[in-house]
1. Using only the Cα atoms of segment 89-191, what do you get for the radius of gyration and for Dmax, in Å?
2. Rank-order 121-128, 195-202, 137-144 by packing density, defined as the average count of other C-beta atoms within 10 Å over each peptide's residues, highest first.
3. Highest mean first, what order results for 270-276, 168-174 on Cβ atoms within 10 Å?
4. Give the separation of the Cα centroids, segment 155-199 to segment 293-325, in Å.
5. Kindly give the semi-axes, whole Å and largest first, of the ellipsoid equivalent to segment 135-202, taking each as the square root of 5 times a Cα gyration tensor eigenvalue.
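Nothing in this text is a laboratory measurement; each read-out follows from the coordinates by a stated rule. This one's a predicted model, so the numbers in the text were calculated from it and none came from an experiment. Cβ atoms come from the backbone with ideal geometry, glycine included; neighbour counts cover every protein chain shown.
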Ligand SMILES: Nc1nc2c(ncn2[C@@H]2O[C@H](COP(=O)(O)OP(=O)(O)OP(=O)(O)O)[C@@H](O)[C@H]2O)c(=O)[nH]1
């Protein structure tokens, strides 16, 4: 069940964000920065006609429109796979590919999970591309309302590696901070940056994955960001081995509407002292994914596998896992398996309980 990290895979950035959150405005700025000067931009639009791509101030030959009749996540297996497969030769000259990375802008309504699944597991795509990171834009003005009304918006925030908050100029400081807090509870590990009229430094949006663009070293600590799960004030009181759990909708969240979708989101991390056999790991993950996959929004982990010197890194979105990647060495002295989860209504006790029931190992 292991696969070697490939150093030549093309990095892909997924740009999500609700309708009108400022994705095109951001893209216009990004493509003018050197880091994105040789990026290929794939834009998906909802509906048959859109001029959005014309707004991207970039050489149009590097902008591709996906023209599905529906949203990207519905046509994903056809159009996006075909596009990603074809661009490696369509955008080559003299046998050399003339783009170094890809950015996919999704329609505002898209559930990012199917797109991530395709990038992570489709044989023809996963063998050529690697997910560099998910960048999610949130409109500071409409954000609270959008999160209240649209579960997809919460998912977009939950799977983000970086959260960009646009339109700070339209809200009070207090409202801005409330939105920041809400997003931090949904996704404690994602750094939050304010973007004004799309102005964001490209370097903050790159190298968000396990491997940097040099492709040589895995930065596990940055990628897992376990410490972030202990940084926010809404900490579950149950003890945890490596961090904390945020169960939203606590009594102390007086301002919360109890029906909010994100009151169901939980973010937690935990450690396992005992090395797992590959079989135990597979069984545990298979059970979690088949019974609760839809509600496990994102999982990342570094695992100590019995009788192996090197750790295994796993990364899942809902019921789909990226093929586990063995790292060349442990990043620190800590040899425990450590995992971070963002789920809908699944607490740490359930995940640990399944581990204990299936393997006898305590989390
Ligand atoms: N006041 C203000 N307006 C902004 C900011 N960023 C973007 N906008 C405006 O917000 C509107 C929507 O921005 P777009 O970039 O088109 O948003 P989008 O996410 O691409 O929209 P869709 O393609 O419809 O999903 C535009 O009128 C932008 O000018 C900002 O920081 N402040």
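1. Every Cα atom of segment 89-191 included, Rg and Dmax give 16.8, 55 Å.
2. Numbers: 121-128: 14.4, 195-202: 16.0, 137-144: 23.4.
Final packing ranking: 137-144, 195-202, 121-128.
3. Numbers: 270-276: 18.6, 168-174: 11.9.
So the peptides 270-276, 168-174, ranked by packing, come out 270-276, 168-174.
4. 27
5. Details: eigenvalues 52, 43, 23 Å².
Ellipsoid half-lengths, sorted descending, are 16, 15, 11 Å.
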